[in-house]
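The values are calculated or read from the model by the stated rules, or taken from the named source; none is laboratory data. In this text, all values refer to a predicted model and were calculated from it rather than measured experimentally. Every residue, glycine as well, gets a Cβ built from its backbone with ideal geometry; the counts of neighbours run over all protein chains shown. Note: areas computed on protein heavy atoms with side chains; ligands, DNA, RNA excluded. Shrake-Rupley method; radii C 1.70, N 1.55, O 1.52, S 1.80 Å.
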Amino acid sequence: MALIVQKYGGTSVGSVERIDAVAKKVAKFHQNGDQVVVVVSAMSGETNRLLDLARQVSDQPIPRELDVLLATGEQVTIALLSMALHKHGVEARSYTGSQVHILTDDAFNKARIQEIDDARIRRDLSEGRVVVVAGFQGTDKDGNITTLGRGGSDTTAVALAAALKSDECQIYTDVDGVYTTDPRVESKARRIDRISYEEMLEMASLGAKVLQIRSVEFASKYSVPLRVLSSFEDGSGTLICAEDETMEQALIAGIAFNRDEAKLTVVGVPDQPGVAHSILGPIGKANIEVDMIIQNTGADGKTTDFTCTVHRNDYKQALAIVQKVAEGMGARSVIGDDKIVKVSLVGVGMRSHAGIASTMFEALAKEGINIRMISTSEIKISVAIDEKYLELAVRSLHSAFGLEQQA
Ligand code: ADP
Ligand code: ASP
Ligand code: MG
């Protein structure tokens with residue numbers, strides 16, 4: 001008998017038929033004698049629909065009220081799934097985040113889970129019930145409803161798994177595991193059997209949206225074995241676990257990409273102390289996150305160029321700020337480009353192998369893809385390239401590193 005936390009994403013509960021199929025799946029585990037806690041997302045498209053409604057009412061909806069609205073999506077699915085479970089002869093109870101005391105901070109729209117009081121869940125489990133919990137939501141210490149950011153149901157599931165010391169946290173979705181890259185972009189992508197927390201964290205941070213970043217952080221911190229599986233077909237999926245347990249010692253684990261980048265270049269800034277601070281300071285003050293940063297060595301010793309990337313949603317605001325700063329410091333011009341994407345290679349094998357960067361750059365050069373920016377860390381190499389080359393870059397790198405052929 002095991003205690004399992006399962007999470008079903010939007011597509012997996014996207015219709016009443018799908019909810020019924022999930023109920024049947026959960027019922028099987030329950031009949032096997034397992035204790036099951038199920039976390040569900042809103043039905044697919046619902047969170048976007050609610051966001052759209054809010055934007056029709058206001059350009060900048062008040063964050064607190066937006067969370068009250070967004071949290072309703074998950075409340076629909078918990079009730080429907082619980083009803084479906086009863087229909088299949090399983091006693092189940094649904095709970096919102098606040099009912100099972102998922103306490104978060106008060107950062108509306110991107111709240112972080114601080115504490116979970118699992119007493120109520122444990123009582124239901126011990127009485128033989130399946131517990132169905134709304135993902136993506138909690139309450140702050142004053143009782144305000146909060147949500148955890150897009151994809152947040154993954155984090156609810158892992159946090160519950162950690163609190164309940166569950167044997168495994170299973171994330172059921174519309175793909176049958178974590179792939180070497182998004183299978184929607186490269187059909188030859190290969191499912192990975194096991195991947196380390198560290199690599200999965202990089203993949204998620206660099207754009208692989210299969211798991212929310214926070215969920216992988218939680219899983220790693222509390223050593224929760226995390227498994228990504230298909231809710232549509234049987235299979236063992238991908239296990240995300242500690243590095244020493246990963247059998248596969250692949251050089252490169254996978255390729256992640258992020259379509260939402262934009263680039264700002266200040267041309268001809270004085271090559272002197274304080275320049276980076278004068279440009280990045282005001283951007284930071286406006287709460288805009290900067291990703292890649294490059295400053296060249298000034299060839300003439302007097303001026304240089306400074307480039308950084310931001311999320312595309314922040315592009316216009318960042319451009320206006322930088323233009324003002326550039327004027328003030330007597331820079332030559334500001335060039336902006338919001339058609340930039342970032343493609344990254346991820347793998348712990350990079351620590352001990354040289355030559356990966358050169359293979360990467362060679363593969364991109366062969367396709368005539370110009371690299372705009374490069375950034376590296378111990379286990380990843382990222383390049384910023386023009387948006388139109390994204391698919392080509394992902395596919396050529398996938399093939400250059402033989403990702404489809406490895407065992
Ligand atoms: P859910 O609604 O179940 O949470 P998501 O849409 O959030 O599902 O995540 C699953 C999607 O993640 C897949 O359909 C796939 O297109 C995308 N994805 C991106 N990168 C990867 C990857 N490396 N492996 C698997 N899926 C990926
Ligand atoms: N419903 C939320 C979203 O669409 C949370 C989730 O599905 O994980 O982002
Ligand atoms: Mg998701």
Accessible surface of the chain, 1.4 Å probe, proportion on carbon and sulfur as whole % = 48
Could you tell me how many degrees, from 0 to 90 and to the nearest 10, lie between the Cα long axis of helix 63-87 and the main elongation axis, the longest principal axis, of the Cα atoms of the chain?
-> 40
Inter-part gap, Cα centre of the stretch 296-313 to Cα centre of the stretch 1-76, in whole angstrom, is 44
Cβ-placed point charges (K, R +1; D, E -1), dipole of the stretch 266-385 about Cα centre in debye, nearest 20 | 140
Between GLN31 and SER223, what is the FRET efficiency for a Förster distance of 25 Å, r being their Cβ-Cβ separation, to the nearest 0.05?
-> 0.30
Please quote Rg/Rh for the chain to two decimal places, taking the Kirkwood radius as Rh and restricting both calculations to Cα atoms.
-> 1.01
Cβ-defined net charge surrounding LEU53, 13 Å radius [Lys, Arg +1; Asp, Glu -1] = -1
On a 0 to 90° scale, report how tilted helix 153-164 is relative to the longest principal axis of the chain, with both axes built from alpha carbons and the result rounded to the nearest 10.
-> 60
Fluctuation leader among ALA159, ALA42, ALA84 - the chain, Gaussian network, Cα springs under 10 angstrom = ALA84
For the chain, modelled as a GNM with alpha-carbon contacts under 10 angstrom, which of HIS86, HIS277, HIS311 fluctuates the most?
-> HIS277
Between helix 16-31 and the chain: long-axis angle, C-alpha atoms, 0 to 90°, nearest 10 | 60
In nm, give the distance between the simple-model label positions of THR297 and ASP167, each being 7 Å from the Cα along the Cα-to-Cβ direction.
-> 6.0
Accessible area per residue, Å², the chain with all protein chains present, probe 1.4 Å | 46
Among ASP234, ASP337, ASP106, whose mean-square fluctuation peaks in a Gaussian network model of the chain (Cα, cutoff 10 Å)?
-> ASP234
Please give the residues of the stretch 373-407, grouped as numeric ranges, whose backbone N is less than 20 Å from a label point set 7 Å along the Cα-to-Cβ vector of HIS353.
-> 375-383, 393-407
